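The structure under discussion appears below in the form of structure tokens.
The values are calculated or read from the model by the stated rules, or taken from the named source; none is laboratory data. What you see is a predicted model; the values in this text were computed from it and never measured. Note: ideal-geometry Cβ built from the backbone for every residue, glycine included; neighbour counts use all protein chains shown.
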Amino acid sequence: MGFNPTCYDVLIKNGTVWDPSTGVKEKHNVGIYGSRIADVFEPDRPKICGSRVIDAEGKYVIPGLIDAHAHVLPGLPFSYPIDEVWKRGIVSLIDLGSNAAGSFNRLRRQYVDNAPMPVNVALGLSSQTDCRGGITRYTDLEAEVNKEKIKAVFESNPDCLVGIKVLIGHNDSPGRDLTLAVMKKARETCDYVGCRMFVHVANPDAKLPEFIDYFKAGDVFEHTYNKGNILDDNGKVYAEAWEAKKRGVLFSSSRGSRNWSSEVASTAFAQGFVPDIISDDLTCLSNDPYTSRLYVHMGECVAMGMSPDEVLRKVTVEPAKLMKNVEVGLHRGMAANITIMDIAEGEHIFRDAFGLTYPGPLKFTPLATIYRGEIKYNAIETDY
């Protein structure tokens, strides 16, 4: 039987289609045939049917969320079960440093090739079998980091490896000298491999002006709004951070359960220093409804002064630029990767990683997730 343009496999009707890739924000129906969006059209078109119909009246139909900082691969004691990600509205993600080069080829088939959604990977800065229970502590950089071995793994996996993850912080690279040595080694390794550098920054023992020059355009500064990261002693965003942003360094919020200070964020946002990427740092520690959920964090960023349009773009279009083989958009011919959201207005209370509470005007809640035309999660009353 040929394709009948009036009857779709899935029909999402009466929702507000909000597509940051095109700027569209209008009430439309979305017809899905197979794995693709067959059409986006006004609700009053006659004689339209779907094998499965979702009535999204009063809801927002948006491109599926992308989490550019997640932990789903084995290697960390707190990796998140990937099959549960659909409930968070996420359709693709980057696993950031859960595993290292020495074991990735062995794990790829099970955890990347057979993953239920696109998983891109940034490997931890190590050529060893694993990351010592998850996180390399850099006790012997020369032994832990073999550039040739790491490059060979990247050359074998060009379709899913997107960078190298390095950790600097008081607990990860204690002492100024080790912090700077780790950054130097990371820069050398990323240049040799030819990849992006993702840097977990958590109140390091070196100040930002001492290490930020190791970042190049396209590298990602993670956990931007943690304490001790981007503000100088006078509460101003470091001039060097502004200079880095101007030369193309990306700053990601990577909220996490421990890496978001509302005091730092409100101060930096007020100065115009907003994230280039909004991400979650998804782990199994992310079960507190106040912490480390990408959709909750979207509301936090609005509370800090970002527009909803800008927030939506930075959980879809912008993180997609870091990934391989990912499509974003809600127009005809695109992969049917869709999240249906409730966006509730009113005063909502958020809580940062340090226990401080603050209000925001919007609360985002995913109600349905569709990946390549398949309904993976649905909390909306539906006509099947």
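The table for this structure:
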read-out	value
All positions within region 241-270 that are polar (S, T, N, Q), modelled with pLDDT of 95 or more and on the phi < 0 side of the Ramachandran plot	Ser252, Ser253, Ser261, Ser262, Ser266, Thr267
Selected residue (criterion: nearest to Lys184 (Cα to Cα)) from residues of region 148-161 that are in contact with a helix residue (DSSP H, G or I) (Cβ under 7 Å, 6 or more places away or on another chain) and surrounded by fewer than 16 Cβ atoms within 10 Å (Cβ to Cβ)	Lys149
Looking only at region 169-194, and only at residues there that are free of Cβ contacts under 8 Å to residues at least 60 places away in the same chain and in contact with a Leu (Cβ under 8 Å, 6 or more places away or on another chain), the one that is nearest to Leu322 (Cα to Cα)	Val182
Residue within region 211-225 that is among the polar types (S, T, N, Q), surrounded by 19 or more Cβ atoms within 10 Å (Cβ to Cβ) and in contact with a Phe, Trp or Tyr (Cβ under 7 Å, 6 or more places away or on another chain) present	yes
Residues within region 305-342 that are among the basic types (Lys, Arg) and closer than 20 Å to Asn29 by Cβ, tallied	1
Qualifying residue in region 251-260 (condition: outside any strand (DSSP E or B) and over 18 Å from Arg351 (Cα atoms))	no
Count of residues meeting criterion [within 14 Å of Gly333 (Cα to Cα), over 26 Å from the mean Cα position of the chain (by Cα) and surrounded by fewer than 16 Cβ atoms within 10 Å (Cβ to Cβ)] in region 11-40	1
Residues located in region 76-121, provided they are in contact with a Ser or Thr (Cβ under 7 Å, 6 or more places away or on another chain) and surrounded by 24 or more Cβ atoms within 10 Å (Cβ to Cβ)	Tyr80, Gly89, Val91, Ser98, Ala100, Ala101
Unique residue being at pLDDT below 95, surrounded by 18 or more Cβ atoms within 10 Å (Cβ to Cβ) and of a type in the set (Val, Ile, Thr) when the list is Thr283, Thr316, Thr339	Thr283
Region 182-205 - residue that is of a type in the set (A, V, I, L, M) and at pLDDT below 95 and, of those, nearest to Ala143 (Cα to Cα)	Val182
Any hit, region 227-241, residues being under 20 Å from Val119 (Cα atoms), charged (D, E, K, R) and not in a loop (DSSP other than H, G, I, E, B)	no
Failed item in (1) in a strand (DSSP E or B); (2) surrounded by fewer than 20 Cβ atoms within 10 Å (Cβ to Cβ); (3) not charged (D, E, K, R), with Met197 passing the rest	(2)
Whichever residue in region 98-119 is outside any helix (DSSP H, G or I) and modelled with pLDDT under 90 and, among such residues, is farthest from Leu282 (Cα to Cα)	Ala100
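Residue by residue, here is whether (1) under 25 Å from Ser127 (Cα atoms); (2) touching an Asp or Glu at 6+ places or on another chain (Cβ under 8 Å); (3) hydroxyl-bearing (Ser, Thr, Tyr); (4) outside the structural domain of Cys301 (by TED's automatic domain parsing) holds:
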site: Lys216; (1), (2), (3), (4): yes, no, no, no
site: Gly248; (1), (2), (3), (4): no, no, no, no
site: Gly256; (1), (2), (3), (4): no, yes, no, no
site: Ser266; (1), (2), (3), (4): no, no, yes, no
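Matching residues to (1) modelled with pLDDT under 95; (2) in a loop (DSSP other than H, G, I, E, B); (3) in contact with a strand residue (DSSP E or B) (Cβ under 8 Å, 6 or more places away or on another chain):
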{"position": "Thr16", "(1), (2), (3)": "no, no, yes"}
{"position": "Lys27", "(1), (2), (3)": "no, no, yes"}
{"position": "Gly31", "(1), (2), (3)": "no, no, yes"}
{"position": "Ala38", "(1), (2), (3)": "no, no, yes"}
{"position": "Ser51", "(1), (2), (3)": "yes, no, yes"}
{"position": "Glu57", "(1), (2), (3)": "no, yes, yes"}
{"position": "Val61", "(1), (2), (3)": "no, no, yes"}
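One line per residue, one yes/no per condition, for (1) surrounded by fewer than 21 Cβ atoms within 10 Å (Cβ to Cβ); (2) under 15 Å from the mean Cα position of the chain (by Cα):
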{"residue": "Gly228", "(1), (2)": "yes, no"}
{"residue": "Leu231", "(1), (2)": "no, no"}
{"residue": "Trp242", "(1), (2)": "yes, no"}
{"residue": "Arg247", "(1), (2)": "yes, no"}
{"residue": "Leu250", "(1), (2)": "no, yes"}
{"residue": "Ser253", "(1), (2)": "no, yes"}
{"residue": "Ser257", "(1), (2)": "yes, yes"}
{"residue": "Phe269", "(1), (2)": "yes, no"}
{"residue": "Ile278", "(1), (2)": "no, yes"}
